[in-house]
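The values are calculated or read from the model by the stated rules, or taken from the named source; none is laboratory data. Bear in mind the structure is a predicted one, so any value in this text is a computation, not a measurement. Counting neighbours? That spans all protein chains shown, and the Cβs are built from the backbone with ideal geometry, glycine included.
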Amino acid sequence: MMALAQRIATWAAGQDAIRAIIVVGSQARRDHPADRWADLDLMMFVNDMTLYLGETAWLSNFGTLWLCLPFEQAGEEPQRLAVFEGGQKVDCHFFAVSELVKMVEAGTLEDVYQRGYYALIDKDGLVARLPPPSYVLPAQNPPASDEFALMVTRFWYEALQTAKTIRRRDLWVVKGWDMGLKHTLLWFIAWHARAMNGWNHDTWHAGRFMLDWTDAETKQALDGLFGHFDPVDSWRALFATITLYQHLAREIALRLGYTYDVELEQRIGGLIRELYAEDGSG
C-alpha cells in the first residue's frame, strides 16, 4: 500500500488543482493500525473538483484500475471508491481547499483526523499548521432523554415490521427490516458500553472492533442475532434481538435516570408474540 501511496503523491505533485492530500483511517492511526486488507483513505483538498469527478481516467495513473464506484450523497463530500489490481482499495474524498483553511483557522480537528493523520501532499503548508492528532476520540455525550425515547420507538417499530414480514413469508423483505433493526440495536450496544464504562469508552463506529469494547453478556448474545433464510430461524433471531435490546435499553435507562417505556414494550412485544403464535412455524 505504501508503493501505491507514493505513486499517488508523485502524480498529485503535478496536479495544480490538488493542494493537499491527507491520509486518515487505519493507514494513519496507532490503535488497530492497517492490516493487509486495509483501505487507503485520502482526504483530497482541491481547487476544482470537476477535474476529478467527471471521469476516472486519472485513477489509472496509480495502477491497474479494476473498478471505480462514484459515491455522492446529499450533505456529504463526493467520493470515488477505487479498487486496483490485487484488491487494493483507495477511497478518495474531495473537499474544497476552503474546508482545510477553516480547520486551520479554528485550530481544531474534526473527529476523522483525531485517530491519526499525515500529509501525503501539502503544497501550501496548511496541513502543517493543523494541531496534532490526539489518537483518541473525545468523550461522547450520553443521549438526551428524547433521543433515547425516539430510538426505543424506532426499535419496536422495526421489530414489528420484521415480525409481520416473517408472518407473510416475505423472507427477502425480512432481511431488509432485520438489518435496519440491527442498525438500531447497535446504538443501544454502544450506549450501553459507554454507560457502563464511562462516556469516554471507545466504541468506534459502525460496529467496528465490537468484540473489543462490549461486555461478556453482549458478546455471548451476538452469535444468535442473525437468522437463516427461513421463517423458523427468522423468528428465533428476532426474539434473540429483542431479548438483548431489552437488557441493554433497561440498563441504559437506569444508568441515565430515564423512564423506560414499558407500555410500548408490552403492546408491541405482545403483538409480536401473537403473530408468532398464530404462525405455527416454530
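For ALA195, state whether it is aliphatic (A, V, I, L, M) and at pLDDT 95 or above. Steps first, please.
On the way: aliphatic (A, V, I, L, M): yes; at pLDDT 95 or above: yes.
Yes, satisfied.
Note on the range 194-204: residues that are basic (Lys, Arg) and touching a residue at least 60 places away in the same chain (Cβ under 8 Å) amount to 0. Considering the range 102-139, and only residues there that are of a type in the set (Gly, Ala, Ser) and surrounded by 14 or more Cβ atoms within 10 Å (Cβ to Cβ), the residue that is farthest from GLY25 (Cα to Cα) turns out to be ALA119. Scanning the range 32-56 for residues that are surrounded by 18 or more Cβ atoms within 10 Å (Cβ to Cβ) and touching a strand residue (DSSP E or B) at 6+ places or on another chain (Cβ under 6 Å) gives LEU40, ASP41, LEU42, MET43, MET44, PHE45, VAL46. Candidates are the residues of the range 62-97 that are more than 25 Å from LEU137 (Cβ to Cβ) and polar (S, T, N, Q); the one that is surrounded by the most Cβ atoms within 10 Å (Cβ to Cβ) is GLN88. Of the set (1) in a loop (DSSP other than H, G, I, E, B); (2) touching a Ser or Thr at 6+ places or on another chain (Cβ under 7 Å); (3) surrounded by 14 or more Cβ atoms within 10 Å (Cβ to Cβ), all apply to ARG29 but (2). Each residue in the range 133-152 was checked for being free of Cβ contacts under 8 Å to residues at least 40 places away in the same chain and within 16 Å of TRP187 (Cα to Cα), and 5 of them qualify. For the range 111-158, which residues satisfy the criterion of being closer than 18 Å to MET44 by Cβ and of a type in the set (Asp, Glu)? Within the range 111-158, ASP122, ASP124 qualify. If the condition is being in contact with a Lys or Arg (Cβ under 8 Å, 6 or more places away or on another chain) and of a type in the set (Phe, Trp, Tyr), then the range 5-48 contributes only PHE45.
So in the range 140-151, with the set limited to residues that are among the hydrophobic types (A, V, I, L, M, F, W, C) and surrounded by fewer than 13 Cβ atoms within 10 Å (Cβ to Cβ), which one is nearest to ARG29 (Cα to Cα)?
Of all residues in the range 140-151, those among the hydrophobic types (A, V, I, L, M, F, W, C) come to 144, 148-151.
Next, from what is left, pick out any that are surrounded by fewer than 13 Cβ atoms within 10 Å (Cβ to Cβ): 144, 150.
Details: ALA144: 31, LEU150: 34 Å.
Looking at the filtered set, the residue picked out is ALA144.
For the structure I just gave you, tell me whether THR203 is among the hydroxyl-bearing types (Ser, Thr, Tyr) and more than 21 Å from ARG267 (Cβ to Cβ). The answer is yes for THR203.
Where residues in the range 158-175 are within 23 Å of the chain's Cα centre (by Cα) and without any contact (Cβ under 8 Å) to a residue 60 or more places away in the chain, which of them is surrounded by the most Cβ atoms within 10 Å (Cβ to Cβ)? Give the steps one after another, and end with the answer.
Initial filter on the range 158-175 (within 23 Å of the chain's Cα centre (by Cα)): 158-159, 162, 173-175.
Adding the requirement that they be without any contact (Cβ under 8 Å) to a residue 60 or more places away in the chain leaves 158, 173, 175.
Numbers: GLU158: 20, VAL173: 15, LYS175: 16.
Step by step, filter the range 158-175, then rank; the result is GLU158.
Filter the range 232-274 down to residues that are more than 29 Å from the chain's Cα centre (by Cα) and surrounded by 15 or more Cβ atoms within 10 Å (Cβ to Cβ) and give me whichever is farthest from TRP191 (Cα to Cα).
Of all residues in the range 232-274, those more than 29 Å from the chain's Cα centre (by Cα) come to 232, 262-263, 266-267, 270-274.
Filter again for surrounded by 15 or more Cβ atoms within 10 Å (Cβ to Cβ), leaving 271-272.
Details: LEU271: 27, ILE272: 25 Å.
Filtering first and then ranking leaves LEU271.
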